[in-house]
Amino acid sequence: MQAGNMVSRRRLMLTASAVTLAAGIGPVVSAQEKKIGFAIVGLGGLAMNQILPAMAKTRFCKTVALVSGHPDKAKKMADKYGVNPKSIYNYENYDTLKDNLEVDVIYIVLPNGMHAEYTIRGFKAGKHVLSQKPMATSVADAQAMCDAGRAAGKKLSVGYRCQHEPFHNMMMQIARSGDIGQVKVVRGDTGFNCQAGVWRLDKKLAGGGPLMDVGIYTIQEACMVARETPVDVAAQVFSSPDDPRFKEVEESIAYTLRFPHGVVAACTSSYGYDWQNSFRAIGTTGWVELEPAIAYEGQAGRSSRFGKVEEFKLQPVDHFGVEMDHFAQCIINNTDVKTPGEMGVRDMKIMAAIYEAAKTGRVVKV
């Protein structure tokens, strides 16, 4: 068989594998396909524009409760998605979710600084928890969330939607397969021009700036490609001194992650420039990249081996839908989640080391 045909056959096998991973295909659940009830906590733009519409299209999930500080908004969403008005909660009576037997999972879609509190209270209410990324705003809070889940005997998953998406899985598999040789460098650039007055610029609510928001995707991608945790990091931050948006959080950050077996990741994240979202893994005989990479839709990927470029030919999926269906199947079948709390703790430790490296100007061990 010629080398070109061997490469094409391998790509076909990788493509099928990436689609299978993204679809969350697992054991047969039942003839009637049990649905897991979700309570959505927080009705901001992400919940209303992405998560609730995605939930309505899932195979194993249904929205059965809403938690919001805005009763009019909650009523509107309940009417739209068929939620019983009696299952609308606010932040004062949140703990009474324990009495709602329809609720299996609490999905935390709140600002970062509120994740730990509402996750821990969710476990005390006897529910499984899916928390948006980043998991928390400190390593201690992230660990406390894991501990609370174990104590409750419930599952915890972090909302790393890209882990369930076929283009990211294809990139990871090509990088790991040897198809581009031995990976030496990972590049990641993520950022956007953040508008003034949003919670992302509030240090207490956000925990940090673009590193905590979009930079975490580059950390995830680098760890996925390298298949290990970095040993140390270096970093620099920059904020425009005359820009009032960046009094509490950084505007831009550049960081380097060094992995045990020789992979180096060079990354940037910013709130100060036009939309950037690209990843590239560079190997000894080629490269693989995604651009766009982290938008909710529109991913595109390509790879090159010995100068021959091939585009990914994959069917897009709803990132949030496959993420929620995966978690639901893990609950139904009592299997391990792909993005557990321990992964979130790992990423919090890496980000804490990056911020320490930027602050001190030293290389910091993870």
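The values are calculated or read from the model by the stated rules, or taken from the named source; none is laboratory data. Since the model is a prediction, treat every value here as computed from it, not as a measurement. Backbone-built Cβ (ideal geometry, glycine too); neighbour counts: all protein chains shown.
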Those residues of segment 285-298 which are touching a strand residue (DSSP E or B) at 6+ places or on another chain (Cβ under 8 Å) and either in contact (Cβ under 8 Å) with a residue 40 or more places away in the chain or in a strand (DSSP E or B) (or both) amount to THR285, GLY286, TRP287, VAL288, GLU289, LEU290, ALA293, ILE294
Within segment 308-339, the residues that are within 28 Å of PRO292 (Cα to Cα) and in a loop (DSSP other than H, G, I, E, B) are PHE312, LYS313, LEU314, GLN315, PRO316, VAL317, ASP318, VAL337, LYS338, THR339
Of (1) over 20 Å from the mean Cα position of the chain (by Cα); (2) in a helix (DSSP H, G or I), VAL185 satisfies every one except (2)
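If you take the residues of segment 153-167 that are out of contact with any Lys or Arg (no Cβ under 9 Å at 6 or more places or on another chain) and touching a residue at least 12 places away in the same chain (Cβ under 8 Å), which of them is nearest to PRO292 (Cα to Cα)? If you could, list the steps in order and put the result at the bottom.
Let us first name the residues in segment 153-167 that are out of contact with any Lys or Arg (no Cβ under 9 Å at 6 or more places or on another chain), namely 153, 155, 162, 165-167.
Right, trim to touching a residue at least 12 places away in the same chain (Cβ under 8 Å) and you get 155, 162, 165-167.
Details: LYS155: 32, CYS162: 12, GLU165: 13, PRO166: 13, PHE167: 10 Å.
Ranking the qualifying residues of segment 153-167, first place goes to PHE167.
Whether any residue in segment 138-147 is at pLDDT 95 or above and under 15 Å from THR63 (Cβ atoms) is what I want to check.
Going through segment 138-147, the residues at pLDDT 95 or above turn out to be 138-147.
Subsequent filtering for residues that are under 15 Å from THR63 (Cβ atoms) retains none.
Checking segment 138-147: not a single residue is at pLDDT 95 or above and under 15 Å from THR63 (Cβ atoms).
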The one condition TYR296 fails out of (1) more than 19 Å from the chain's Cα centre (by Cα); (2) surrounded by fewer than 16 Cβ atoms within 10 Å (Cβ to Cβ); (3) of a type outside the set (Val, Ile, Thr) is (1)
With criteria (1) surrounded by 21 or more Cβ atoms within 10 Å (Cβ to Cβ); (2) in contact with an Asp or Glu (Cβ under 7 Å, 6 or more places away or on another chain), PRO316 comes up short on (1)
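Okay, residues lined up against (1) within 18 Å of PRO230 (Cα to Cα); (2) assigned by TED's automatic domain parsing to the domain that holds GLY191; (3) among the polar types (S, T, N, Q):
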{"position": "TRP287", "(1), (2), (3)": "no, yes, no"}
{"position": "TYR296", "(1), (2), (3)": "no, yes, no"}
{"position": "ASP325", "(1), (2), (3)": "no, no, no"}
{"position": "ASP336", "(1), (2), (3)": "no, no, no"}
{"position": "ASP347", "(1), (2), (3)": "yes, yes, no"}
{"position": "ALA353", "(1), (2), (3)": "yes, yes, no"}
{"position": "GLU356", "(1), (2), (3)": "yes, yes, no"}
With criteria (1) touching a Gly at 6+ places or on another chain (Cβ under 7 Å); (2) more than 16 Å from MET348 (Cβ to Cβ), ASP232 comes up short on (1)
Does SER8 meet the test of being within 29 Å of MET172 (Cβ to Cβ), modelled with pLDDT under 95, of a type outside the set (A, V, I, L, M) and surrounded by 15 or more Cβ atoms within 10 Å (Cβ to Cβ)? no
